[in-house]
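To start, the structure itself, in structure tokens.
A short reminder: the numbers here are calculations on the coordinates, not readings from a lab. No experiment lies behind these values; they were computed from the predicted model shown. Here Cβ is always computed from backbone atoms with ideal geometry, including for glycine, and neighbour counts include all displayed protein chains.
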Amino acid sequence: MKMELLYEINSGVTTAMKFRTLLRHIREGTKNIFRNGWMTFASIAAVTTTLILVAVFLALVLNLDQMARNIEQDVQISTLIDVTADEDQIVQLGEEIEQIDGVAEVQFSSNDNELSKLIESMGDEGQAWSMFEQDNPLNHVYIVEAGVPEETEVIANQIEELDNVENVLYGKEVVEQLFQFNNYARAIGLALIIGLVFTAIFLISNTIKITIIARSTEIGIQKLVGATNSFIRWPFFVEGALLGILGSLAPVAVILGGYYYIYNNFANVINFRFVELLPFDPFAWQLSGMVLVIGAVIGVWGSVMSVRKFLKV
Amino acid sequence: MITMENVSKTYSNGVTALNDISIHIDRGEFVYIVGPSGAGKSSFIRLIYREAKPTKGKIIVSDRDLSKLKERHIPYLRRDIGVVFQDFKLLQKLTVYENVAFALEVIETSPRSIKRRVQEVLKLVGLEAKEKMIPSELSGGEQQRVAIARAIVNNPKVVIADEPTGNLDPDTSWEIMKVLEDINSKGTTIIMATHSKHIVNTIKRRVIAIEDGVIVRDQQRGDYGYEI
Ligand SMILES: Nc1ncnc2c1ncn2[C@@H]1O[C@H](COP(=O)(O)OP(=O)(O)OP(=O)(O)O)[C@@H](O)[C@H]1O
Ligand SMILES: [Mg+2]
């Protein structure tokens with residue numbers, strides 16, 4: 001019982017809190033949770049909804065970021081050759097590409113080859129593409145590799161200027177689209193989440209307000225017998241933190257279960273060069289930890305708001 | 001121990017409860033505050049433990065200048081003062097034992113000392129057999145004794161009692177007085193507002209009489225002085 005914790009509350013006074021006092025605050029805060037029935041339930045539900053969205057959003061954004069970073073490191077440029085080009089023109093194009101500064105490697109891939117790669121990459125669903133084997137709609141392709149990732153874009157632009165080139169595809173372009181999508185996703189997700197976070201904070205602060213009002217006589221008497229403000233406030237902070245943490249339990253379960261499922265099935269659905277999910281371990285654990293902390297912060301924030309407003313001393 | 005210099009208290013509704021009071025009470029004194037209803041006795045008491053602030057004047061309690069006392073230091077002032085409230089202020093959901101222990105919990109006393117000390121004071125006020133009851137199961141006098149037990153449980157330097165015998169039969173009143181005299185003899189300052197002529201005239205102590213917010217008499221070993 002000798003253990004002491006340092007804590008600091010609004011007043012700016014740092015006091016040593018005895019360990020058993022901390023236990024007392026936790027006990028009181030827990031009791032409050034059970035006293036408030038429905039409001040407790042509503043607060044927890046609001047935190048849960050919010051955090052599930054936060055989790056989905058973070059999983060999406062962080063994975064997209066990771067993919068974008070992977071793609072930026074990519075040096076590969078697919079040069080789609082005009083279908084009208086004859087064999088000589090194709091060979092000539094290959095030579096011209098090889099002469100561009102910074103090109104490390106040029107490789108020809110026929111349209112048949114491209115189709116079989118496509119069918120393979122699509123897995124089971126790819127079988128649908130087999131019907132095109134007689135009448136291949138794809139182009140012949142030069143797969144060009146830049147020596148360093150920074151030059152990919154410059155090289156691609158130069159290739160695009162050459163004759164008999166229908167189109168060039170390279171990671172950076174995909175990245176830009178991805179980033180654009182990512183930015184929209186961010187903006188919408190963020191607005192939604194901020195709204196939900198404030199709803200959750202509001203509900204928690206309301207719950208705590210009810211507790212404070214229900215206990216106002218008790219609080220008044222505590223003050224008269226010499227309780228410090230922080231002694232009176234602590235159980236409410238505990239109550240808020242507990243509401244937040246209880247609200248984050250379901251989201252954590254969703255993250256661990258959901259991400260495990262998606263991570264293990266994703267590879268079967270999409271098997272694309274850049275598109276690779278962040279590994280379950282440690283990503284899902286980190287995300288869970290983050291969600292738990294966000295939940296606790298929401299809870300404490302809600303209680304701080306109410307304590308400030310209704311616990312005037 | 002307690003000094004007031006030219007203290008006035010006007011409530012926000014315009015009622016002046018105390019008007020230019022100056023008084024000095026020494027450590028270890030036993031003081032009766034007497035006066036008709038509405039004279040300002042409770043207001044005088046509330047100023048001492050800083051439940052109310054004076055409108056004018058200076059108050060010093062146990063070496064603290066209350067006008068300069070920071071909000072966050074008020075709890076420490078109150079730990080030096082045990083108050084028996086006119087309306088008891090007991091927590092209705094807690095048992096007798098818990099109500100008394102409460103005053104020690106907030107000042108972070110160890111559970112073992114709490115248990116020992118609470119049993120001690122409950123015995124002192126004669127309620128050891130009822131420690132598991134809640135206030136609504138007690139008589140008015142018994143509730144008052146719980147309030148007294150809570151006020152003295154942390155050995156405060158000053159005990160302020162606002163009509164501690166108001167609801168008690170004569171026998172119990174004398175027992176309560178014995179308790180107060182007992183802790184006074186151990187050096188605790190006692191300030192007691194009372195309407196009991198009988199007590200004041202029997203246990204002779206300093207008497208401060210307040211009428212209409214003014215001290216009209218301050219007498220060592222005084223009488224009650226009012227005919228009721
Ligand atoms: N909180 C308050 N707000 C406004 N006026 C008050 C307040 N408390 C007391 N008063 C007024 O101040 C005056 C003094 O009241 P106080 O309670 O100090 O009297 P008292 O001497 O304790 O009376 P009693 O013997 O009946 O307890 C009264 O006129 C009362 O109405
Ligand atoms: Mg009174």
- Note on the structure: For A:GLN99 and A:GLU145, extending 7 Å from Cα along the Cα-Cβ vector and measuring point to point gives, in nm, a value of 2.4 nm
- Task: Evaluate E = 1/(1 + (r/R0)^6) for B:LYS186 and A:ILE210, where r is the Cβ-Cβ distance and R0 equals 60 Å; express this FRET efficiency to the nearest 0.05.
- Result: 0.85
- Fewest to most Cβ atoms within 10 Å: A:HIS25, B:HIS198 sort as B:HIS198, A:HIS25
- Quick P(r) readout (the stretch B:91-155; Cα-Cα; 5 Å bins; whole %) gives 4, 21, 35, 24, 12, 3, 0
- Using a Förster distance of 22 Å, the FRET efficiency for A:LEU22-B:ARG112 (Cβ separation, nearest 0.05): 0.75
- Find how much the distance from B:ASP218 to B:ASP171 grows on full extension, using 0.36 nm per residue of separation minus their present alpha carbon separation; answer in nm with one decimal. 14.1 nm
- Message: Net charge within 10 Å of B:PRO36 by Cβ-Cβ distance, Lys/Arg positive one each and Asp/Glu negative one each, not counting B:PRO36 itself?
- Response: -1
- Message: Can you give the longest run of chain B that contains no chymotrypsin sites (Phe, Trp or Tyr not before Pro) sitting in a DSSP loop with at most 15 other Cβ atoms inside 10 Å?
- Response: B:12-225
- Message: Quick query: amide H of A:ALA104 versus all other amide H atoms, modeled in the peptide plane; which residues come in under 5 Å with a sequence gap of 5 or more or a different chain?
- Response: A:GLU145, A:ALA146, A:GLY147
- Using alpha-carbon positions, what is the distance between the centroids of the stretch A:193-255 and the stretch B:64-126, in Å? 25 Å
- Message: Show me, for the stretch B:91-107, the HN-Hα J-couplings you get by feeding each phi into the Karplus relation (A = 6.51, B = -1.76, C = 1.60, θ = phi - 60°), rounded to Hz, glycine and proline as x.
- Response: 8, 5, 8, 9, 6, 3, 4, 5, 4, 6, 5, 2, 5, 8, 4, 5, 9
- Over all Cα pairs of the stretch A:25-131, the Kirkwood radius sets Rh, and Rg/Rh then becomes 1.39
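Calculate the all-directions average of the projected area of the stretch A:129-262's alpha-carbon convex hull, and give it in nm².
16.4 nm²
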- Query: On average, how many beta carbons from a partner chain sit within 10 Å of the beta carbon of a residue in B:71-83?
  - Reply: 4
- What is the P(r) of the stretch B:83-201, as percent of Cα-Cα pairs per 10 Å bin from 0? 14, 49, 32, 5, 0
- What FRET efficiency comes out for the pair A:ALA185/A:GLN286, r = Cβ-Cβ distance, R0 = 25 Å, nearest 0.05? 0.80
- Stokes-Einstein D for chain B (37 °C, 0.692 mPa s, Kirkwood Rh from Cα pairs), in µm²/s, comes to 183 µm²/s
- Item | Shielding of B:102-110 by partner chains, average beta-carbon count, 10 Å | 6
- Note on the structure: For the protein assembly as shown, percent of DSSP beta bridges that are antiparallel (nearest 5) comes out at 70 percent
- Added length on full extension, which subtracts the Cα-Cα distance from 0.36 nm per residue, B:GLN92 to B:SER37: 17.1 nm
- Query: So how tilted is helix B:170-185 from the main axis of chain B? Cα-based, degrees 0 to 90, rounded to 10.
  - Reply: 80 degrees
- Cα long-axis angle, helix B:140-152 against chain B (0 to 90 degrees, to the nearest 10): 80 degrees
- Note on the structure: Subtracting the Cα-Cα distance of A:ARG69 and A:LEU249 from 0.36 nm times their residue separation yields 61.6 nm
- Task: Would you order B:ILE114, A:ILE201 from fewest to most other beta-carbon atoms within 10 Å of each residue's own beta-carbon?
- Result: B:ILE114, A:ILE201
- Report the label-to-label distance for A:VAL56 and B:LYS157 in nanometres (one decimal), using points 7 Å from each Cα along the Cα→Cβ vector. 6.4 nm
- Ranking of A:TRP285, A:TRP38 by count of other Cβ atoms within 10 Å, fewest first: A:TRP38, A:TRP285
- Scattering curve values for the stretch A:190-313, log₁₀ I(q)/I(0), Debye with Cα scatterers, q = 0.17 Å⁻¹: -0.87
- Of B:LYS93/B:LYS115; B:LYS132/B:LYS197; A:LYS309/B:LYS9; B:LYS41/B:LYS93; A:LYS309/B:LYS115, which sit over 25 Å apart, Cα to Cα? B:LYS132/B:LYS197; A:LYS309/B:LYS9; B:LYS41/B:LYS93; A:LYS309/B:LYS115
- Query: Mind listing the phi-derived Karplus ³J(HN,Hα) values for the stretch B:31-43, rounded to whole Hz, using 6.51, -1.76 and 1.60 with θ = phi - 60°, and x for any glycine or proline?
  - Reply: 10, 8, 10, 10, x, x, 4, x, 6, x, 5, 5, 5
- Query: Semi-axes of the stretch A:75-170's equivalent ellipsoid from the Cα gyration tensor, sqrt of 5 times each eigenvalue, largest first, rounded to whole Å?
  - Reply: 25, 16, 9
- Task: Give the Rg/Rh ratio for the protein assembly as shown, taking Rg as the radius of gyration of the Cα atoms and Rh as the Kirkwood radius, to two decimals.
- Result: 1.31
- Percentage relative contact order, chain B, counting C-alpha pairs under 8 Å, at least six apart: 27 percent
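When DSSP beta bridges are limited to those with both residues in chain B, what percentage is antiparallel, rounded to the nearest 5?
Counting DSSP beta bridges with both partners in chain B, the antiparallel share is about 50 percent.
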